[in-house]
Amino acid sequence: MRNILVGLAIASVAATSLAAQAPKTIAKPAALRTSDGKPDLQGVWTNATITPLERPQNIKDLVLTEEAAARMEKAVTDRRDRLNEPSDPNRTAPPQGGDGSTGAAGNVGGYNNFWLDPGERVAIVDGQRRSSLIIDPPDGRIPALTQEARTRQQARAKLAMGRGQYDHPEYRPLAERCLLSFGPTTPLVPNYFYNNNLQIVQTPDHVMILMEMVHDARVVRIGGTHLPKHIRPWMGDSIGHWEGDTLVVDTTNFPPQQNFRGASENLHVVERFRRADDKTINYRFTVDDPTTFTAPFTGEIPFRAMEELIYEYACHEGNYALGNVLSGARNEEKRLGSKQ
Amino acid sequence: MAAFRPVHTTRILRDIFIAFATAAVVATGFWMTSPVESQAARPARIAGKPNLNGIWQALNTANYDILSHQAKAALAFRPGPVVPVPAAPVLAFGAVGAVPAGNGIVEGDEIPYLPEAAKKQKENQANWLDRDPEIKCYLPGVPRANYMPMPFQILHSDKAVFIAYEYAGAVRNILLKDPGPAPVDSWMGQSVGAWEGDTFVVTVTGFNDQSWFDRAGNHHSDKLKVVERYTPQGPDHLWYEATIEDPTTFSKPWKMRFPLYRHINPDARLNQFKCVEFVEELMYGKLRKQPVQ
């Protein structure tokens, strides 16, 4: 991530005017339609990208020059190649407390680069190379939190301070508990880590969106109304409709435990799926929660077609981590207790 | 309900009759509306093949035991002074924890286990509480997923067939082009589907050896191969047949067969049963800072 930011910083210096990057209009061939005449969104897709959700503070423009984007991508692939060099088999264990490295899973080097697949390309939407996924507000950043949300966050932080984060399984992150992916699930924002893959199957009545992690199928009902307010499925309750050639999906009823940037029960997400060409879906999302954000915000992500299949992500069945994290904490308490 | 206080039977019957008569007058419009009309129009065929779309469910007790069985007090027992009694961990469930009877779904009502495998089934059943993967909310495998006591949704288009199960949020993407042997074993296996006339035939391989067939300890190895046949019997029924092959567990292939029923209520939908969260106390409760007493 650090290198991506360095890349973006370089990109901002080189960024030129928007005028050179007029959006391209791409014809939609008839073959990209289902038998009932709707645009065909089906297939396996990836939303992996190196374009961050929010625009780095030092970049002004949404659109990057081709050169700037190429430099960013090169910085990422150079870093990948460097990290892919063989490990020194004679290296010693990291010192107690970690070696200060900033890799995935903490500073003892939890994952090496082989396991990661965060994406290597800048997001391109309508021919524009993007510096952030967020396009509105124009600064590409999530709007400020409301006073109510700040108060809520402070209360949460205070509560968390008074308890050990390893005391109970419920205190662990949803992904560590194998309840959901560690990235956002609705909207479909990449996690910048791995497995940013999804599959769409479409019938006249339903659109199913499968996220590789954690084999979560969100079945969107076409038409109809939302569930009663007390029914709050993971990933929310999604209903859809077609506006011309765009599938519009409206999601509410999120559970309180599922938090997107401070928003949960009142989170309202509107997603728009539009087939851009034979290899791309343009995905646009608007996030709104007046109890959390001072304004709604909108982002765009290209979904690129994949040739590969999605395999089973059986998280809970192989979850040694959660038990080990908790038993590690209990052992540590025993060790500290016996010292006193 | 106040009208149904204990009084003379004749009076109750009279009250019921009046209630029905009134209801019939008020609800004439309702009776005239055919339930079929109230569900969205559903094409009979998709790209020339029977439409498999819908929310389906088995109506049997095969998840307790795929073989015929009579009702019994519990799934787990301990020795009692006269007869075995429900094991302590399930005792509090009372009648709720009892097992309903079932006719079985296995052809010939017999599973051709090899001797070692037959022994293992008995051990599994005796150690059900510790061993059944369903207790830990693990993925159900195939065919068990299809007769869990929860519905599943088939999403069928001219390009894809996908099954989303309510239980544990299990999923299967039925590949319509054979990619060759599965590169890795999995709980739900690799499914490859093809039409034989109006029957959708799905060959499932690439299993691990972890899933079971039921709560009675019926099991398989990672050599399991399941050939499923989904044959529509009208718009709301499918005959499901599965041929089970596993030369390290069974002496010969065997078959199971049962109908699947489509949920025809207009507001039918697949709900969520993400049970991972529900088993945290069971699996990790002892590792809490202060375990719940």
GNM result for chain B, Cα springs below 10 Å: residue of B:Pro266, B:Pro232, B:Pro112 fluctuating most strongly
B:Pro266
Charge dipole (chain A, unit charges on Cβ, about Cα centre) - positive-most of A:Trp242, A:Asn195, A:Gly98:
A:Gly98
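So if I place +1 on the C-beta of Lys and Arg and -1 on the C-beta of Asp and Glu, and nothing else carries charge, what would the dipole magnitude of the protein assembly as shown be about its Cα centre? I want it in debye, nearest 20. Working shown, then result.
Numbers: 69 positive and 70 negative charges, 278 e Å.
Here the protein assembly as shown has a charge dipole of around 1340 debye.
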Which percent of Cα-Cα pairs in the protein assembly as shown sits in each 20 Å bin, short to long?
15, 45, 33, 6, 0
Using alpha carbon centroids, what distance separates region A:259-297 and region A:116-189, in Å?
13
Using the per-residue mean of other Cβ atoms lying within 10 Å as a proxy for protection, in what order, highest first, do the peptides A:148-156, B:100-108 fall?
B:100-108, A:148-156
Quick check on packing: order A:296-306, A:204-214, B:283-293, A:84-94 by the mean number of other C-beta atoms within 10 Å, highest mean leading.
A:204-214, A:296-306, B:283-293, A:84-94
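Evaluate peptide B:280-291: per residue, the Cβ atoms of other protein chains within 10 Å of its Cβ; return the mean as an integer.
On the way: counts 9, 3, 0, 5, 11, 3, 4, 13, 9, 10, 2, 2.
Partner-chain Cβ atoms within 10 Å, mean over residues of B:280-291: 6.
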Simple spin-label estimate for B:Glu281 and A:Thr286 in nanometres, 7 Å along Cα-Cβ
4.3
Sparse-neighbourhood loop hits (trypsin sites (Lys or Arg not before Pro), region B:139-204; DSSP loop; Cβ within 10 Å at most 10 others) -> B:Lys177
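Using the 10 angstrom Cβ neighbour count as an exposure proxy, how do B:Leu114, B:Leu175 rank, fewest first? Please report the intermediate quantities before stating the final value.
On the way: B:Leu114 14, B:Leu175 17.
Listing B:Leu114, B:Leu175 from fewest to most nearby Cβ atoms yields B:Leu114, B:Leu175.
Return the FRET efficiency for the residue pair A:Ala157, B:Ala47: r is the Cβ-Cβ distance, R0 is 51 Å, and the value is rounded to the nearest 0.05. Could the numbers behind the result be given before it?
Values: r = 55 Å, r/R0 = 1.08.
It comes to 0.40.
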Suppose each label sits 7 Å from its Cα in the direction of the beta carbon; what would the B:Trp239-A:Tyr320 distance come out to in nanometres?
4.7
Quick one: Karplus J couplings for region B:235-248, per residue in order, coefficients 6.51, -1.76, 1.60, θ = phi - 60°, nearest Hz, x for Gly and Pro?
x, 10, 9, 10, 8, 10, 9, 10, 9, 10, 10, 6, x, 8
So what J values fall out for region A:162-170 if you push phi through Karplus, 6.51 cos²θ - 1.76 cosθ + 1.60 with θ = phi - 60°, rounded to Hz, Gly and Pro as x?
x, 9, x, 5, 10, 5, 9, x, 5
Would you calculate a helix-derived [θ] at 222 nm for chain B, using -39,500 (n - 2.57) for each DSSP H run of n ≥ 4 and dividing by the full residue count, to the nearest 500?
-4500 deg cm²/dmol
Return the FRET efficiency for the residue pair A:Ala93, A:Asn113: r is the Cβ-Cβ distance, R0 is 22 Å, and the value is rounded to the nearest 0.05.
0.70
Taking θ as phi - 60°, what are the ³J(HN,Hα) couplings along region A:179-192 by the Karplus curve (6.51, -1.76, 1.60), each to the nearest whole Hz, with x for Gly and Pro?
8, 8, 4, 7, x, x, 9, 9, x, 7, 8, x, 9, 6
Simple spin-label model, 7 Å along Cα-to-Cβ: B:Ala126 to A:Thr294 in nm?
7.0
Cross-link partners of B:Lys225 among lysines (Cα-Cα below 28 Å; sequence separation of 8 or more within a chain)
B:Lys49, B:Lys119, B:Lys120, B:Lys122, B:Lys136, B:Lys159, B:Lys177, B:Lys252, B:Lys255, B:Lys274
Evaluate the relative contact order of chain B (contact order divided by residue number), counting alpha-carbon pairs under 8 angstrom at least 6 apart; express in whole percent.
20
Amide H neighbours of A:Phe293 at under 5 Å, excluding residues fewer than 5 places away on the same chain, with H built from the backbone geometry, are A:Thr146
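Would you tell me the mean number of C-beta atoms belonging to other protein chains that fall within 10 Å of each C-beta in A:222-229, as a whole number? Each step should come with its number before you reach the end.
Values: counts 1, 1, 4, 1, 0, 2, 0, 0.
The per-residue average across the peptide is 1.
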Between region A:33-67 and region B:42-106, the Cα center-to-center distance that results, in Å:
47
For the protein assembly as shown, with +1 on Lys and Arg beta carbons and -1 on Asp and Glu, the positive-most of A:Leu227, A:Ala149, B:Ile66 along the dipole:
A:Ala149
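Given only helices, namely DSSP H runs of n ≥ 4 each adding -39500 (n - 2.57), what is the per-residue ellipticity at 222 nm of chain A, to the nearest 500 deg cm²/dmol?
Values: 4 runs with 66 residues, N = 340.
Rounded to the nearest 500, the figure is -6500 deg cm²/dmol.
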Sort A:157-165, A:192-200 for me by packing, meaning the mean count of neighbouring Cβ atoms within 10 Å per residue, highest on top.
A:192-200, A:157-165
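I need the calculated FRET efficiency for the pair B:Arg257 and B:Ala194, taking r as the beta carbon distance and R₀ as 22 Å, to the nearest 0.05. All intermediate terms of the calculation are to be shown ahead of the outcome.
Working: r = 20 Å, r/R0 = 0.90.
Result of the calculation: an efficiency of 0.65.
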Computed about the Cα centre, the charge dipole of chain A from +1 Lys/Arg and -1 Asp/Glu charges at the Cβ has a magnitude in debye, to the nearest 20, of 880
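What ranking of B:Ser68, A:Ser181 emerges when the number of other C-beta atoms within 10 Å of each C-beta is taken as an exposure proxy, fewest first?
B:Ser68, A:Ser181
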Please give the Cα centre distance for region B:114-160 versus region B:214-239, rounded to the nearest Å.
10
Taking chain B as a Gaussian network, where each spring joins two C-alpha atoms under 10 Å apart, which residue of B:Val192, B:Val96, B:Val204 fluctuates the most?
B:Val96
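Fewest first, what order do A:Asp139, B:Asp178 take by the number of other Cβ atoms within 10 Å?
Values: A:Asp139 15, B:Asp178 11.
Ranking A:Asp139, B:Asp178 by Cβ neighbours within 10 Å, fewest first, gives B:Asp178, A:Asp139.
Classify region B:172-293 from the C-alpha gyration tensor, please: rounded if a/c falls under 1.5, else prolate or oblate depending on whether a/b exceeds b/c.
Judged from the Cα gyration tensor, region B:172-293 comes out oblate (a/c at least 1.5, b/c at or above a/b).
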GNM, chain B, Cα, under 10 Å: largest mean-square fluctuation among B:Gly197, B:Gly189, B:Gly141?
B:Gly197
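Bear in mind that the values in this text are calculations on the coordinates, not laboratory data. Values in this document were obtained by computation on a predicted structure and should not be read as measured data. Neighbour counts are summed over all protein chains in view; Cβ atoms, including those assigned to glycine, are modelled from backbone coordinates with ideal geometry.
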